[in-house]
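The values are calculated or read from the model by the stated rules, or taken from the named source; none is laboratory data. Note that the structure is a prediction, hence the values are computed from the model and not measured. Cβ placement follows ideal geometry from the backbone for every residue including glycine, while neighbour counts extend to all protein chains displayed.
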Amino acid sequence: MPFWLLKVYAWCKKNWAIVLAVIAALVYIFVYRRSDYSLSDALNEINKAHDEEIKKIVEAQEDLKKKKDENQKVLDDQLKKIDQDKTDETKALEDSKEEQIKKILSENGDLDELAKQLEKTLSGTK
């Protein structure tokens, strides 16, 4: 028997776990290998699924932004309407008070009575 073969045998005997792992790996590769499915196909499928997921995420973000903008527009419109209504009601109240003051001034000539009625009108009590 050649010397190198004795060295290989001695190394295998000492490191039997490594030899067993290599043999098991080779058996696994040959037994469970699929010839119709390659690593590049798997990578392409993973990349395609990832791209679709990114596309869905971007669409969801755009929809969310659109809804937020629509809600902001509705809020702004409502705030403008409330402000306009407040302005109109304040103007109507001021006009009403001004008319009451003119009416009281034209009806009464007595300054004390006039002061009492003005105080009631301006304070909002009757």
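Here are a few things to note about the model shown:
- Test result for L122, surrounded by 10 or more Cβ atoms within 10 Å (Cβ to Cβ) and more than 30 Å from V8 (Cα to Cα): yes
- Annotation: V27 fulfils all but one of (1) surrounded by 10 or more Cβ atoms within 10 Å (Cβ to Cβ); (2) part of a loop (DSSP other than H, G, I, E, B); the unmet one is (2).
- Considering (1) free of Cβ contacts under 8 Å to residues at least 12 places away in the same chain; (2) under 30 Å from K120 (Cα atoms), the lone condition that K97 does not fulfil carries the number (1).
- Criterion violated by A60 - all others in (1) modelled with pLDDT of 95 or more; (2) of a type in the set (G, A, S); (3) not in a helix (DSSP H, G or I) satisfied: (3)
- Applying a threshold of 8 Å to beta carbon distances and a minimum spacing of six or more residues, or different chains, the list of pairs starting in the range 79-90 at a residue that is exposed (fewer than 10 other Cβ atoms within 10 Å of the Cβ) and ending at one that is modelled with pLDDT under 95 and polar (S, T, N, Q) is empty.
Here is a yes/no grid of residues against (1) more than 59 Å from the chain's Cα centre (by Cα); (2) at pLDDT 90 or above:
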residue: W4; (1), (2): yes, no
residue: K14; (1), (2): yes, yes
residue: I23; (1), (2): no, yes
residue: Y28; (1), (2): no, no
residue: Y32; (1), (2): no, no
